[in-house]
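Heads up, the thing below is written out as structure tokens.
The values are calculated or read from the model by the stated rules, or taken from the named source; none is laboratory data. Worth saying up front: this structure is predicted, and the values here are computed from it rather than measured. Note that each Cβ is placed from the backbone with ideal geometry, even for glycine, and that neighbours are counted across all protein chains shown. Calculation scope for accessible area: heavy atoms of the full protein, side chains included, ligands and nucleic acids excluded. Shrake-Rupley method; radii C 1.70, N 1.55, O 1.52, S 1.80 Å.
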Amino acid sequence: MCLRTFETRGPVDPTRNYVVPRREEIANLAQRIKEGRYIVILAPRQTGKTTFFRWTLDALEDKTYFPI
């Protein structure tokens with residue numbers, strides 16, 4: 001049995017780390033991306049911005065998006 005921990009650096013691995021599912025927020029961001037809207041993710045450091053963005057890109061069925 002592996003105990004999960006909080007990650008304080010690098011990518012979050014849901015099998016090893018505690019994760020707050022953000023399904024509704026990911027769906028909302030994916031929809032905005034599909035609509036061609038400009039997106040800005042603002043939050044304090046170490047709060048999961050990159051992980052959130054990566055999971056949103058993974059959720060997009062069409063893989064033709066290029067993140068900048």
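Do the conditions hold for Arg37, that is, is it touching a Lys or Arg at 6+ places or on another chain (Cβ under 8 Å) and open to solvent by 100 Å² or more (accessible area, probe 1.4 Å)? For Arg37, the condition - touching a Lys or Arg at 6+ places or on another chain (Cβ under 8 Å) and open to solvent by 100 Å² or more (accessible area, probe 1.4 Å) - is not met.
Matching residues to (1) within 15 Å of the chain's Cα centre (by Cα); (2) of a type in the set (A, V, I, L, M); (3) open to solvent by 70 Å² or more (accessible area, probe 1.4 Å):
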{"position": "Val12", "(1), (2), (3)": "yes, yes, no"}
{"position": "Arg23", "(1), (2), (3)": "yes, no, yes"}
{"position": "Gln46", "(1), (2), (3)": "yes, no, yes"}
{"position": "Lys49", "(1), (2), (3)": "yes, no, no"}
{"position": "Leu57", "(1), (2), (3)": "yes, yes, no"}
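Note on the stretch 1-47: residues that are touching a Phe, Trp or Tyr at 6+ places or on another chain (Cβ under 9 Å) and either assigned to a loop (DSSP other than H, G, I, E, B) or farther than 25 Å from Tyr65 by Cβ (or both) amount to 11. Of all residues in the stretch 48-58, those that are of a type in the set (D, E, K, R) and part of a loop (DSSP other than H, G, I, E, B) total 0. For the stretch 21-34, a residue qualifies if it is over 11 Å from Trp55 (Cα atoms) and either touching a Lys or Arg at 6+ places or on another chain (Cβ under 8 Å) or in contact (Cβ under 8 Å) with a residue 24 or more places away in the chain (or both), and the qualifying residues are Ile33, Lys34.
Taking every residue in the stretch 43-62 that is at positive phi and touching a residue at least 24 places away in the same chain (Cβ under 8 Å) and pairing it with any residue that is surrounded by 14 or more Cβ atoms within 10 Å (Cβ to Cβ) and of a type outside the set (Lys, Arg), at least 6 positions away or on another chain, the pairs with Cβ-Cβ distances below 7 Å are Gly48/Val12. I'd like the full set of residues that are modelled with pLDDT of 85 or more and among the hydroxyl-bearing types (Ser, Thr, Tyr), limited to the stretch 1-49. Listed by number, the residues that qualify are Thr5, Thr15, Tyr18, Tyr38.
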